[in-house]
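S.K.: One structure coming up, written as structure tokens, with questions to follow.
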Amino acid sequence: MTKTIKKSKTRFEKRDMLATFVMLLPYVLLFSIFIAIPVALAIYLSMTSFNMVETPKFNGLVNFINIFTQDTVFLRYVLPKTLMYSIIVGPGGYILSFLLAWMLAQIQKGPRTIIALALYMPSMVGAVFISVIWRTLFSGDESGYINSLLMGWDIIERPIQFLQSPDHLMTIVIIVSLWSSMGVGFLAMLAGILNGNEELYEAAYVEGINNKFQEVRYVTIPMMKPQMLFGAVMALVSTFSNGYIGVSLSGTNPTPQYAAQFLTNHIDDYGFLRYEMGYAAALSVVLLLMILVFSKIAYKLFAEKD
Amino acid sequence: MRSKKKLIIILTVLVISIVTISLLTGSKNIYEPNNEISKSEIDTAFDLLGKMVKENKINRYTYTEFLEDNSSKIKYDLDNIDAYLDEDDGYDSQIGSNFLTLVSDDIAKYTIDIDQAGFYYIGLNYRVDEVTLNDITVSVTINNKTLYDEMSSIIIPLYWQDETKEYQTDRYGDEVISNQKLIPGWKKTSLYNNTYLSVDPLLFYFEKGEQTIRITNTSSTSILVSDIELISPYKYLTYEEYNNKNIDLKVKDLINIEATDYVSKNSTYVKSYALGTPSVTPFNASYKKLNVIDGTTYKTSGQEVTYEFEVKKAGKYQLAIHYINDKNDFSVLRSIYIDGVIPFEEFREYAFPQTNGQTVTIEKLKDDKDNPYYVYLEKGIHTITLKAESESMQSSLRIIQQMVDHINAFTLAIKKITGKSVDKDRSWIFTEYIPETPDYLEAYEVLIKTVITNLEKYSSKGASSATLSNLQKALSRLKKIYDDYDRLPLYLEDLSGGSGSIAQYLGDSLTQISEQPLYLDAIYVYDDTKLPKERANFFVSSWATIKTFFSSFSSKKYSLTKDEEVVDVWVNRSITYVDMMQKLVDKEFTTKTGIKVKISVMPDANKLVMSAAANQEPDVALGLASYMPYDLAIRNSAYDLSSFPDYWEFASQFSAGAFIPYILNEKAYAIPETLDFNVVMYRKDIFDSLGFMVPDTWEEVIQILPELQQYGMNFYHPIAGGSSTKYFYQTSGFVYQFGGSLYYEDGLKTSIDTKESIKGLTFLNQLMTNYSLPEQVQSFYNSFRYATLPIGISDFTNYQLIKNAAPEIAGQWEIAPFPSVTVNGETNRYYIANGTAAMIMGKTEKANESWEFLKWWLGEDTQTQFAFNIQSTYGPTYTWLSGNISAFKNSPLPEKDKKIIIEQVKWLIDAPRTPGQYMLERSLSDIWNTVVFEGSSTGVAVDKYKIQVDREIRKKMIEFGFISEDGEVIKTYKIPTIAWIKDKMNIATGGNYDEDN
């Protein structure tokens, strides 16, 4: 049977296969070099003890066991903070993106472009801006704008240490993250709403909806599910892998009393401060799994049913 | 719908145009001088401020004022008089006269009989053989009196030249600046003050009859002095007189003098530079060629550069200069000396107009009506000297300084009345407390306007010049205060303190106005010929840019490669240092020992760890942060230096405390390369006027705090600087000062819970919780300048900043030893500081060669020479604080400060390292954080974090095989102590290790 099929392959079919191979090659190559192999290596390293200098020693699942049994910092601070942060900033930023995109879609093109650009800007210039603007705003002496204002209005006696005190740091990190969360997802949603079919709305009004809320609920959201999915995945990935804000606001990793310690910071801490690469790799595998799970949930919520 | 659209478009255009117009015209709110201010008004204003400043014990009487007071009394064409040493050391045949050697604080005395009373210049014959980078200053008294402040800081200039004009190239083909060489021999100078505030030498007044002149050496360098001469003041010829005097001989020639070909200069800091534009010569798109004098270094009044040129035919020549003046909308001043004298009045302080940014321009020296100046030159060799000047700016600078002094004093007076926090709800009538308030503000206004009036002529933009913009801003801020002067306390922030205050604007404009930056490419001596092109044309410069762009792809500047034949050294410093090191190695080390060394830049120290992992590591690594050698050592990647028999002997040249982080279980893995210091830095003016003593102990610090805080001022502890996680140097100093330690001897547990350690940590926390020291300070440098923190602990970085970048408080601050603590009757000043380390990598195959190299590099001679070379070539910001104490003692810091710093360095100590040290470091930070921000007690916080630290240490000790899983000791671990290190050094040197070294 196989013989006959092989034989029956015409020259044309062979050329077709070659074409497929050539077409696939760049993708396969790039994917394996930049994604598959590093991930596989990370998984391998996560099962070793590796101090960056000497050869890695295989130790099975010890790292993973340690993460969930020994690592008090991880269990007490990193995991809850990461989850809390992701839950507030992920969906929060996502809803904010959608709301703003929808509101923008209601106004004229000129101002819309300007405002959309203004909203998108923070996500592009994030890291630099954070240290320039936010650190100055929240600085813990009279040179910080907020402290200076509060002291000027006689609300406080001594400057509040926004960036040093664990009570405030997390809140500020969340505010700053929301500010910079209008990223690509926001643009995609804006595009989705704008490309919506006008006729659908008209039809919907004929069918009997009578306010904007219903319009959003029954037309806009179902219509732009693909963009919503994209936005959701982007928001999730970026919040999980977005550890730099707390660090660049407070100036150091770890943040004071682990007040804004996220999983990515924790990975950095182990990898580059304690030189425990194996453990850091294990943490990054955990991070990968977390992102995977949450993306799955996003798919469940937004993907087309087929 | 359409009309709506239109409306929106119109609105948008309107908004944008309003914004643009307001941006463009917003700055139009500036003062244009209109000759409304009379001389007497200025004098009254100046004296009014002077009165209060004097009450605050700031007593300035400058040469500028002296000249103004006496200018009418100067008589010209007096006879010059020679004066001889009263006592001498012998006869020098070279100058045919007696000489005297003056070491520090020695005095040369001259007695002289004056026939004609009057003002004279003093010419001094001197010789300096010792090479130094510090200004050599002397003070002069006449009959034991000084006439003005500058008499106590008179400069003895040193003359320098390049060692060679055949510039070496570095490994990448770029030309490197030559080393600097002192020109030896006897010199004669007329006396100037050390900032050269006048074009002509300082004038001294002599009565008729017998007078005694005393010259005291106030520097640490020894000088040989011989006779002096009193020189009569002279009047300059005007150009017209000069020209009429000369023969009218036309020539046709062009002599092109390259700026980098100078034969002498009076400051090592003036240096050549490779400017990347084809408009200057020489130029190469791929490799840097030294082609101009660097304007960022050639900008201080008094700096002079001299060139030699040969005239083939006698006659009248024009002069032109190819240059850049990138001072903001402002001319720079240079006096032009031909053969050592200024030929006519117009060459005194010739103003070179601003060029457009970095555009190279030719300025033909000419008068206002564009008639060129001709200089008559005989056939033969001549010299031309360009000297930076600022005399015309001095009276303005003096006025600004007076205002800054007054604002400081005035602010203090206000604070004495209002107390720490100003009551905003109170209806202030401030004139009831200080009735002169409006007068002071009016005086400021008059004086700022005067300065603008005086200076606007130096800018093509007049009073809107960017250089004067700070004054304009100060003026508009002042108006705001003046309109509401009865409520002055509410405007204290606008008057002084913080950014945007009048004091800051004035302070900043002091620097801006006095600087005279000039990039010099060439001098043309010519007539009747075409000059070389002013600028390369568009195509040439575009082509050069393209070439430079593409050659940057093949540049190997930052690649780190391993070479088998040579000792590979990676340095975590900039290319400037690395080039200088490579030159020194090639010249000194390789020629002497035959060992080849290749030094490369390692931009990121983490590369070292990676390279160790990849087996690509170098032999030697330098400039490492002090925690790195330990991290590599415990991972078996560092070479045990103490296995070299002469290690401890060599190590005894360094501060013992600096070795602590480099020792792992009684083996040493590194040597300190540089060090850092902590001293108290305080504002003398404020301490004097408040009548405070400088605190010498922490007790005394606490004693002055209430009164200091009453005036809204405070004390700075370094823990308030930097980022929110605090490092050992910020947190653990008091632990040692109070006799505690960080670890128990076996290193298995932290000892921060001992009584002494807790005492230290408590004290640190109390500084914030009980004594209200600031918890965060953005910049100590700024707070110190504006006196919100007039005292604090300063490290080397802040010391350098304040020394070099705060001209308005120059001379009004001092340093003092670090505050002490007395424990069990012993007083100590321990401080924690991290220097940088030098180490040999574990897998090296050239251990002996590497060790030879390290010994050479860190030896006293090399370090002294390197510190000298780097600073003489690149300027005072490149001060090198060698870890080698003997070399450190030779470093070019002001003598008085150096004494204090050397005393302090003896108390240097660094935190010992264990495998879990990062946990201790962050826990100490968190203890401080918990106590200060959450109000828990130090003891409770320590207990909480100690558990965490001990756990981590235990985990790491198991990982590195010091203890077993059940806590049994497999290998002992020993925490190094200073006593142990000193002991080692003592044994190695046969008991010669000097405690005071």
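The values are calculated or read from the model by the stated rules, or taken from the named source; none is laboratory data. These numbers were taken from a predicted model, which means no experiment stands behind them. Glycine gets a Cβ as well: all are built from the backbone with ideal geometry, and neighbour counts include every protein chain shown. These accessible areas exclude ligands, DNA and RNA; they are computed on the full protein's heavy atoms, side chains included. Shrake-Rupley method; radii C 1.70, N 1.55, O 1.52, S 1.80 Å.
S.K.: Got a sec to turn the phi values of region B:677-690 into Karplus ³J(HN,Hα) couplings, 6.51 cos²θ - 1.76 cosθ + 1.60 with θ = phi - 60°, whole Hz, x for Gly and Pro?
M.R.: 10, 10, 9, 7, 10, 9, 8, 5, 4, 6, 5, 5, 6, 8
S.K.: Which three extents, in whole angstrom, do the alpha-carbon atoms of chain B cover along their principal axes, largest first?
M.R.: For chain B, the Cα spread along each principal axis is 102, 92, 80 Å.
S.K.: Also, quick follow-up: What order do you get for B:970-979, B:775-784, B:531-540 when each peptide is scored by the mean count of other beta carbon atoms within 10 Å, highest first?
M.R.: Going by the mean number of other Cβ atoms within 10 Å, highest first, we get B:775-784, B:970-979, B:531-540.
S.K.: Can you give the extra length, in nm with one decimal, that the chain gains between B:Asn454 and B:Lys982 once fully stretched, where that is 0.36 nm per residue apart less the Cα-Cα distance?
M.R.: 183.8 nm
S.K.: Which FRET efficiency value, to the nearest 0.05, do you get for B:Gln168 and B:Ile9 by plugging their Cβ-Cβ distance into 1/(1 + (r/R0)^6) with R0 = 45 Å?
M.R.: 0.10
S.K.: Return the FRET efficiency for the residue pair B:Asp149, B:Asn98: r is the Cβ-Cβ distance, R0 is 30 Å, and the value is rounded to the nearest 0.05.
M.R.: Approximately 0.45, to the nearest 0.05.
S.K.: Which of the residues in region A:155-188 lose at least 50 Å² of accessible area when you go from the chain alone to all protein chains together (probe 1.4 Å)?
M.R.: A:Arg158, A:Gln161, A:Gln164
S.K.: Let me ask another. Using the Cα centre of the protein assembly as shown as the reference point, and only Cβ charges (+1 on K/R, -1 on D/E), how large is the resulting charge dipole? Debye, rounded to the nearest 20.
M.R.: It comes to approximately 6620 debye.
S.K.: Let me ask you something else. Work out from phi, with θ = phi - 60° and the Karplus expression 6.51 cos²θ - 1.76 cosθ + 1.60, the ³J(HN,Hα) of each residue of region B:147-164, listed in order in whole Hz, and give x for Gly and Pro.
M.R.: With coefficients 6.51, -1.76 and 1.60, one gets 8, 7, 4, 5, 5, 8, 9, 9, 8, 9, x, 9, 10, 10, 9, 6, 4, 8 Hz.
S.K.: Report, as an integer, the average count of C-beta atoms from other chains found within 10 Å of each Cβ along A:247-259.
M.R.: Mean inter-chain Cβ contacts per residue within 10 Å come to 5.
S.K.: Residues of region B:418-453 with the amide nitrogen closer than 12 Å to a label point 7 Å from the Cα of B:Glu493, along Cα-to-Cβ, please.
M.R.: B:422, by backbone N distance to the label point.
S.K.: Once all Cα-Cα distances of region B:833-888 are split into 5 Å bins that start at 0, what whole-number percent is in each one?
M.R.: For region B:833-888, the binned pair fractions read 4, 18, 21, 21, 17, 11, 6, 2 percent.
S.K.: Restricting to Cα atoms and excluding each atom paired with itself, what does the Kirkwood estimate give for region B:321-363 in Å?
M.R.: Roughly 11.1 Å, rounded to one decimal.
S.K.: If you roll a 1.4 angstrom probe over the protein chains with everything in place, what fraction of the accessible area of region A:72-302 belongs to carbon and sulfur, to the nearest %?
M.R.: Roughly 70 percent of what the probe reaches on region A:72-302 is carbon or sulfur.
S.K.: While we're on this one: Using Cα positions and a limit of under 14 Å, work out the aspartates and glutamates in reach of B:Lys75, with same-chain residues fewer than 8 apart set aside.
M.R.: B:Lys75 reaches B:Asp115, B:Glu207.
S.K.: In degrees between 0 and 90, to the nearest 10, how far off the longest principal axis of chain B does helix B:978-988 point, with axes built from Cα atoms?
M.R.: So the helix axis and the longest Cα principal axis differ by about 80 degrees.
S.K.: Say the cut-off is 32 Å between C-alpha atoms; which of B:Lys316/B:Lys547; B:Lys379/B:Lys461; B:Lys607/B:Lys846; B:Lys956/B:Lys984; B:Lys188/B:Lys379; B:Lys592/B:Lys889 go over it?
M.R.: With Cα atoms farther than 32 Å apart: B:Lys316/B:Lys547; B:Lys379/B:Lys461.
S.K.: May I ask you to list the GluC sites (Glu not before Pro) in region B:87-187 that are in a DSSP loop and have at most 13 other Cβ atoms within 10 Å of their Cβ?
M.R.: Passing both the DSSP loop test and the Cβ count: B:Glu87, B:Glu130, B:Glu163, B:Glu166.
S.K.: In Å², what does the accessible area per residue of chain B work out to with a 1.4 Å probe?
M.R.: That works out to 42 Å² for each residue.
S.K.: What is the angle, in °, between the Cα long axis of helix B:2-26 and the longest principal axis of the Cα atoms in chain B? Nearest 10 is fine, range 0 to 90.
M.R.: 70
S.K.: Could you work out Rg/(2.2 N^0.38 Å) for region B:757-890, with Rg from alpha carbons only?
M.R.: 1.41
S.K.: HN-Hα J couplings of region A:39-53 from phi, Karplus 6.51/-1.76/1.60, θ = phi - 60°, integer Hz, Gly and Pro as x?
M.R.: So the J values, rounded to whole Hz, are 5, 4, 4, 4, 5, 4, 4, 5, 9, 10, 10, 9, 9, 6, 10.
S.K.: Here is a further query. Starting from the eigenvalues of the Cα gyration tensor, five times each then square-rooted, give me the equivalent ellipsoid semi-axes of region B:286-386, largest first, whole Å.
M.R.: 24, 18, 14
S.K.: OK, next. Can you give me the long-range amide H partners of B:Gly747? Hydrogens built in the peptide plane at 1.01 Å from N, cutoff under 5 Å, separation of 5 or more residues or another chain.
M.R.: The list, which skips near neighbours in sequence, is B:Ile975.
S.K.: Specify the inter-centroid distance of region A:232-306 and region B:116-178, based on alpha-carbon positions, in whole Å.
M.R.: After rounding, the separation between the Cα centres reads 61 Å.
S.K.: Still on this model: Averaged over B:626-635, how many beta carbons belonging to a partner chain fall within 10 Å of each residue's beta carbon?
M.R.: That works out to 2 on average.
S.K.: Taking R0 as 51 Å, what FRET efficiency do you get between B:Asp339 and B:Asn848 from their Cβ-Cβ distance, rounded to the nearest 0.05?
M.R.: My answer for the efficiency is 0.35.
S.K.: Same structure again: Please report the antiparallel percentage of the DSSP beta bridges confined to chain B, to the nearest 5.
M.R.: Among the beta bridges of chain B, antiparallel pairing accounts for roughly 90 percent.
S.K.: Also, quick follow-up: Using alpha-carbon positions, what is the distance between the centroids of region B:290-353 and region A:73-97, in Å?
M.R.: 65
S.K.: Moving to a separate point now. Near the amide H of B:Ser190, under 5 Å away, which other amide H atoms are found, from residues 5 or more places off or on another chain, if H is placed in the peptide plane?
M.R.: Long-range HN contacts for B:Ser190: B:Leu124.
S.K.: Tell me which residues come under 5 Å, amide H to amide H, from B:Glu673 once H is placed; ignore anything under 5 positions away on its chain.
M.R.: Amide H neighbours of B:Glu673: B:Thr836, B:Ala837, B:Ala838.
S.K.: Just to confirm the number: angle between the C-alpha axis of helix B:847-858 and the first principal axis of chain B, 0 to 90 degrees, nearest 10?
M.R.: 40
S.K.: Report, largest value first, the span of the C-alpha coordinates of the protein assembly as shown along each principal axis, in whole Å.
M.R.: Cα extents, longest axis first: 123, 95, 84 Å.
S.K.: Still on this model: Could you check the spin-label model distance between B:Thr877 and B:Arg60? Points 7 Å from the Cα along Cα→Cβ, value in nm.
M.R.: Simple spin-label model gives 2.5 nm for this pair.
S.K.: So, one more: log₁₀ I(q)/I(0) of region A:72-302 at q = 0.18 Å⁻¹, via Debye over equal Cα point scatterers, no solvent, to two decimals?
M.R.: -1.26
S.K.: To the nearest hundred square angstrom, how large is the accessible surface buried between B and A, total for both chains, probe 1.4 angstrom?
M.R.: 3500
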